[in-house]
Structure formats: structure tokens, C-alpha cells
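Structure first, then comments.
We did not get these values from a lab; they are worked out from the coordinates using the rules stated. The model shown is predicted, which means the values in this text are computed figures rather than measured ones. All Cβ positions, even for glycine, are placed from backbone atoms using ideal geometry, and neighbour counts span all protein chains on display.
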Amino acid sequence: YHWQSIPGLARSLSDSSLYAFHYLKRWQRAQKRDSIPADKARLYQDYVHILDNLKGGDSMSHARELTRLYRGFYRAEGFKSNAILKPIQTAAETILRANPLLFDREGLQEAVEGELNGLVGRVLSDRAEGRLPAGSTSESRIAAVRQFTRYFLNDVFYSALRGDTAALRGKQLNLLKNACEAIYLNLDAEERATRKSEQLSS
């Protein structure tokens, strides 16, 4: 037992329940695994729910909504973190690269949308890893990109992070990404289980 780690762990989880996913990522690296097993992702989501219930909040609301929205235009090919988190990373990098003297709020919305639509286009033409959601259309993907971008900018960047690029560059973005990855893996596993069940019943 690493008893000396308990005070730091307690402080982190007291600061934010999302730190549970940070420790899940540490476990993944220690195990030298390329991806997190879906059952482990679900278990850690349960841990976060328990912590949130004790505190009376919902620390996963932004991560849950972002993941739901980007799954409307992009799916990872495989289970590697970089692939799963590509839309989050693309949006964050675009905001961080944009010069605030040149890009106002509306301009930033257009810049992020442009980058994400570019990602979808590259996936469509096999120039980037990933796949498109089954049954999606060009119109539905464009609409999903717009919704995701609005939520990322308005609710996460401008509201939760108060437009602070340092927060977007650091620990807060990593906590958000770790949560999104676990949620994505759980949703993906649920989707596969549903498809399998439907195939067996037909």
C-alpha cells in the first residue's frame, strides 16, 4: 500500500471529482496499455457519481455533453486516447492558436467550425484516422459540428473557464479530456452491446 499517497489523493478528489479519471490514466500508463478497458471506464464513472453525490454536484456534465455532441460527427478508429479525443484537442488548439486581436467570439466560432469540418472531410476522404457515425449525413454532421463548437466555446471556454487560455492549456483541459475519454469508451461499449443484442434477436 502507498499510504503516503492518500493525502494527495484526498486533496485532488476534494478539489474535483474528475481527478478520478486522472488516476485512471495513471493506472493505464503504469499498465502500459494503449487504451482503457470499457469496464474500467464505467467503474471510474461510478466513482465520480459517488463523489459528486457526496458533494451535491455533477462534475461530468460538460464532459458528457461534449462527448455526446462530437459523437454526432466523429468516431475514433480504435481505442487510443489521441483518436478518441481528436475533436476536443482540435477545438482547444484552434482557440489557443487564434490571435484575440483578430478573432472575436463569432470569428472564433467560425475558426473552430472550419477546423472540425476539415477534420470530418479528411476522415471522409481517408486522409485522417477515424470514421463517421453510422447513418449520419453531410447536413447532420455540419449541424453536429456547429452544436459542439457552440457548447465548447460558450459553456466550457467562456463560461466555465471564463475565457482563460491558460486554464484551457493546462490541468482543467486534461481533466475534461480524461472524463470525455472514459465517457466515450462507455458509450461505445453500450452501442456495441446494443448492436449485438439486435443481431441476436433478429
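Once you've got the GNM for the chain with C-alpha springs shorter than 10 Å, pick whichever of Tyr44, Tyr74, Tyr23 has the biggest mean-square fluctuation.
Tyr23
When only alpha-carbon atoms count, how far does the stretch 21-70 stretch along each of its three principal axes, as whole angstroms with the largest first?
For the stretch 21-70, the Cα extents along the three principal axes come out at 34, 28, 16 Å.
Along the Cα-to-C-beta direction of Lys196, a point sits 7 Å from the Cα; which residues of the stretch 55-85 have their amide N less than 20 Å from that point?
Under 20 Å, as judged by backbone N against the label point of Lys196, lie 76-80 of the stretch 55-85.
May I ask you to evaluate 6.51 cos²θ - 1.76 cosθ + 1.60, the Karplus curve with θ = phi - 60°, for each residue of the stretch 151-159 and list the ³J(HN,Hα) values in order in whole Hz, giving x for glycine and proline?
Values per residue, Gly and Pro as x: 5, 4, 6, 6, 8, 8, 6, 6, 8 Hz.
State, to one decimal in nm, how far the label point of Ser12 lies from the label point of Asp52, with both points 7 Å from Cα in the Cβ direction.
Distance between the two pseudo-spin positions: 2.0 nm.
Could you grab the relative contact order for the chain? Cα pairs under 8 Å, six or more apart, rounded to a whole percent.
On the way: 181 pairs, mean separation 64.8, N = 202.
Averaging sequence separation for qualifying contacts and normalising by length gives 32 percent for the chain.
Summing +1 for each Lys or Arg and -1 for each Asp or Glu, what net charge is found among the other residues whose Cβ lies under 14 Å from the Cβ of Ala98? Mind dumping the intermediate values first?
On the way: positive: Arg97, Arg105, Arg169; negative: Glu93, Asp104, Glu106, Glu110, Glu113, Glu115.
Charge balance near Ala98 sits at -3.
Which shape class applies to the stretch 139-201: rounded if a/c is under 1.5, otherwise prolate when a/b exceeds b/c and oblate if not, where a ≥ b ≥ c are the square roots of the Cα gyration tensor eigenvalues?
Details: a/c = 4.72, a/b = 1.89, b/c = 2.50.
Verdict is oblate for the stretch 139-201.
Please give the Cα centre distance for the stretch 76-108 versus the stretch 1-67, rounded to the nearest Å.
24
Using a Förster distance of 35 angstrom, determine the FRET efficiency expected from the C-beta separation of Asn154 and Arg42, and round it to 0.05. Kindly include the intermediate steps, with their values, before the conclusion.
Details: r = 29 Å, r/R0 = 0.84.
Efficiency, rounded to the nearest 0.05: 0.75.
Say R0 is 30 Å: what FRET efficiency, to the nearest 0.05, do Leu101 and Ala30 get from their beta-carbon distance?
Working: r = 44 Å, r/R0 = 1.46.
The computed FRET efficiency comes out at 0.10.
Build a GNM of the chain with springs between Cα atoms under 10 Å: which of Leu101, Leu176, Leu69 gets the top mean-square fluctuation?
Among Leu101, Leu176, Leu69, the largest mean-square fluctuation in the Gaussian network model of the chain belongs to Leu101.
What number of lysine-lysine pairs in the chain show an alpha-carbon separation below 25 angstrom, given a sequence spacing of 8 or more or placement on distinct chains?
So the count works out to 24.
Which of the listed residues, His62, Thr90, Ala38, is farthest toward the dipole's positive end in the stretch 20-155, when Lys, Arg count +1 and Asp, Glu count -1 at the beta-carbon?
It is Ala38, whose Cα lies furthest towards the positive end.
Explain nothing, just the number: dipole magnitude of the chain about its Cα centre with +1 on each Lys and Arg Cβ and -1 on each Asp and Glu Cβ, in debye rounded to the nearest 20. Each step should come with its number before you reach the end.
Working: 30 positive and 24 negative charges, 124 e Å.
Using Cβ point charges on Lys, Arg, Asp and Glu, the chain gives about 600 debye.
Percent of Cα-Cα pairs more than 31 Å apart in the chain, please.
For the chain, the fraction of Cα-Cα distances above 31 Å is 22 percent.
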